[in-house]
Ligand SMILES: Nc1nc2c(ncn2[C@@H]2O[C@H](COP(=O)(O)OP(=O)(O)OP(=O)(O)O)[C@@H](O)[C@H]2O)c(=O)[nH]1
């Protein structure tokens, strides 16, 4: 039977960083032969799909626009169509999909599109964001292009390209690490690329977030942190927390990813993805992915008030801080927000 679940990976990175190069290496790996690809290219005549050395069904080009601006509906329709053709047997039962964005795309709208109920209903789940970082253009690129920073900040994996051309990349690597302490950062793979399209582990509770020794004024507004608790929340309480979170902090929320232990079925955690005010329908796993059964919530945002979000979460977990209002005070007082 065909799995109803279709893990979707977003491949991002600035213009010329090496996305297509990586995609070709991925698709050459026999373990990834059953991968569908959606390529978005900016410009009238798309070329990238010609450069992807895999042809036939399952490679779709969206050209003449950018996914993050004009083509969101096209991406939605394309993915829905791929899933329908997979289900009907018109396409081979691909095991995953990779969406290569244009180099200029902000990643948030692409992630939001993936979270649309129609795509969740078709089986898609956001499995990971992979960003290629260009060591040759290095820090100058990050200083000049906010899109490049946003792409790297939301990634689960960062692959550093052109280190062979760049010389000493230590400062660039440190900048990447400071910009996104959660991501697995490594070189572009030559072979054995299949592991890149395995779904990344959720960070275990208490995982140390690296100190931020270097960051420029440009990056400083983007920060990532993790909330965690061993309290078990009721579904209703958790939903109210999410509602408060998106109401108050949605604007700056570049990415939200949670593995949650809920009271109704504590043995089956819920995975929830969000971007700004949009949240995907939650996915219930059959079991915990590892021994750590604490609720963990990763947030990446621009100008997020970390302290206020921690207070809000603590209030919903009934762990009010001494200097913060408790949940009753937050929800009973209509003037609180
Ligand atoms: N020397 C070297 N060249 C690389 C590396 N990665 C990519 N390139 C080259 O950089 C150029 C751009 O790579 P692409 O893979 O087309 O980059 P892209 O991110 O898909 O580019 P856009 O589609 O324009 O956004 C190509 O000529 C690649 O061969 C690397 O690690 N080392």
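The values are calculated or read from the model by the stated rules, or taken from the named source; none is laboratory data. Just so you know, these numbers come straight off a predicted model, no measurement behind them. Reconstructed Cβ throughout: ideal geometry from the backbone, glycine too, with neighbour counts over all protein chains shown.
Worth a mention:
- Considering residues of region 110-123 that are within 15 Å of residue 78 (Cβ to Cβ) and under 15 Å from the mean Cα position of the chain (by Cα) only, the residue farthest from the ligand (Cβ to nearest atom): 116
- Qualifying residue in region 279-294 (condition: surrounded by 19 or more Cβ atoms within 10 Å (Cβ to Cβ) and more than 19 Å from the chain's Cα centre (by Cα)): no
- Flag if residue 207 is part of a loop (DSSP other than H, G, I, E, B), under 15 Å from residue 299 (Cα atoms) and either modelled with pLDDT under 65 or touching a helix residue (DSSP H, G or I) at 6+ places or on another chain (Cβ under 6 Å) (or both): yes
- Residues that are closer than 17 Å to residue 14 by Cα and away from the ligand (no atom under 11 Å from the Cβ), drawn from region 150-171: 150, 152, 153, 154, 155, 156, 157, 158
- Here the helices (runs of 4 or more DSSP H) wholly within region 1-102 that include at least 3 residues being away from the ligand (no atom under 16 Å from the Cβ) and modelled with pLDDT of 75 or more are 72-88.
- The set of residues from region 177-190 being touching a residue at least 60 places away in the same chain (Cβ under 8 Å) and within 13 Å of the ligand (Cβ to nearest atom) comprises 188, 189, 190.
- Of everything in region 130-149 that is within 15 Å of the ligand (Cβ to nearest atom) and within 20 Å of the chain's Cα centre (by Cα), the residue that is surrounded by the most Cβ atoms within 10 Å (Cβ to Cβ) is 133.
- Selection from region 231-256 of residues that are touching a residue at least 60 places away in the same chain (Cβ under 8 Å) and under 27 Å from residue 150 (Cα atoms): 241, 244, 245, 247, 248, 249, 254, 255
- Selection status of residue 174, more than 16 Å from the ligand (Cβ to nearest atom), modelled with pLDDT of 90 or more and assigned by TED's automatic domain parsing to the domain that holds residue 112: yes
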